[in-house]
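Peer 1: The structure follows.
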Amino acid sequence: MNYAIIAAGEGSRLAQEGVQYPKPLVRLNGIPMIRRLIDMFMRCNPTGLSIIVNEQMTEVQDYLRSIAPELPVKLHLVVKSTPSSMHSFYEVSRVFGPGKFCLTTVDTIFREEDFRRYIAAFEADDKAQGYMAVTDYIDDEKPLYVDVDSDMRITAFRDQAWPGARFISGGIYGLTAPASLDVLSECMDKGVSRMRNYQRALVEAGLDLRAYPMGKIIDVDHAGDIPKAEAFISSPLSI
């Protein structure tokens, strides 16, 4: 499995709220968020690791270069400022070969045991072209709601809730190349922006995408999210 992390955002809200570290290096129980993700990925059958950071994050660049020699796979580090997560995805995807990969943003917090089950299910499914992690824990400022059929096949991504809406996107994308990357290239050519619009394009292209309920997922966007995330990952039970 190829893994990729988008860590190219500015983290301006955290800085404005007094957090001293750039977002990827924010500590959760003493461990930088980006290192926590990397360690989890390295325990889940990695074949490659790609990470994008923006040009201003020299501290993050230095940190990643310092740990690269100890990783079991080669780190492909992209240093580039991009206008959106979708553009960042395009940059890290350039080294992906055919097959399955998993992409997430650096501030997406989940339990390792939940992630392991998700990856195992995606690896075992030889029909679906994508596994999108979803959650029924809605604490996002602008959630992307996920509509599914009775087989958990994704039929739509919506900005607004509706009666009976159950899931929102968890920000963890398991996809298969080349089909998903062909759609990404088309989106880039058409000037599409934002990951949610790319996901809509995947559905419109007819890809078989499955929603995988992965339990609680938290985004670290504000200083107050840090202790909440620390308590979540420290507890064996949802809190």
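The values are calculated or read from the model by the stated rules, or taken from the named source; none is laboratory data. Keep in mind it's a predicted model, so treat the numbers as computed, not measured. Note: ideal-geometry Cβ built from the backbone for every residue, glycine included; neighbour counts use all protein chains shown. What goes into the accessible areas is simple: the full protein's heavy atoms, side chains included, and nothing from ligands, DNA or RNA. Shrake-Rupley method; radii C 1.70, N 1.55, O 1.52, S 1.80 Å.
Peer 1: Where the accessible area of segment 142-183 is counted over protein heavy atoms with a 1.4 Å probe, how much of it, in %, is carbon and sulfur?
Peer 2: About 49 percent, which is the carbon plus sulfur part of the accessible surface.
Peer 1: Can you tell which of Phe89, Phe115, Phe101 shows the greatest fluctuation in a Gaussian network model of the chain with Cα springs below 10 Å?
Peer 2: Taking springs between Cα atoms under 10 Å, the residue moving most is Phe115.
Peer 1: Can you give the FRET efficiency to the nearest 0.05 for Asp151 and Arg116, using r as the Cβ-Cβ distance and R₀ = 35 Å? Please report the intermediate quantities before stating the final value.
Peer 2: On the way: r = 23 Å, r/R0 = 0.66.
Here the calculated transfer efficiency is 0.90.
Peer 1: Ordered by residue, what ³J(HN,Hα) values in Hz, to whole numbers, does segment 132-140 give under the Karplus form 6.51 cos²θ - 1.76 cosθ + 1.60, where θ = phi - 60° and Gly and Pro are x?
Peer 2: With coefficients 6.51, -1.76 and 1.60, one gets 9, 5, 10, 9, 9, 8, 10, 9, 8 Hz.
Peer 1: Taking only Cα atoms and a 10 Å spring cutoff, compute GNM fluctuations for the chain and point out the largest among Thr82, Thr104, Thr58.
Peer 2: So, out of Thr82, Thr104, Thr58, the one fluctuating most is Thr58.
Peer 1: Can you tell which of Ala133, Ala229, Ala121 shows the greatest fluctuation in a Gaussian network model of the chain with Cα springs below 10 Å?
Peer 2: Ala121
Peer 1: Would you list which aspartates and glutamates come within 18 Å of Lys190, measuring only between C-alpha atoms, while excluding same-chain residues fewer than 8 positions from it?
Peer 2: Glu91, Asp182, Glu204
Peer 1: Let me ask you something else. Would you list the membrane-span-like helices of the chain, meaning whole DSSP H runs whose alpha-carbon atoms span at least 15 Å along their axis and whose mean Kyte-Doolittle value is at least -0.5? Working shown, then result.
Peer 2: Numbers: long enough: 112-124 (18 Å, -0.68); 179-190 (17 Å, 0.17).
Membrane-span-like by this rule: 179-190.
Peer 1: How much accessible area per residue does the chain have, counting only protein heavy atoms and a probe of 1.4 Å, in square angstrom? Show your work: numbers first, answer last.
Peer 2: Numbers: 10840 Å² over 239 residues.
Averaged over the residues of the chain, the accessible area is 45 Å².
Peer 1: Moving to a separate point now. Separation between the Tyr21 and Asp39 pseudo-spin-labels, each 7 Å from Cα along Cα→Cβ, expressed in nm?
Peer 2: 1.1
Peer 1: What distance in nm lies between label points placed 7 Å from Cα along the C-beta direction at Lys127 and Ala68?
Peer 2: 4.2
Peer 1: If I model a spin label at Lys80 and Ala165 as a point 7 Å from the Cα along the Cα→Cβ vector, what separation in nanometres do I get?
Peer 2: Taking the two extended label points, one gets 3.3 nm.
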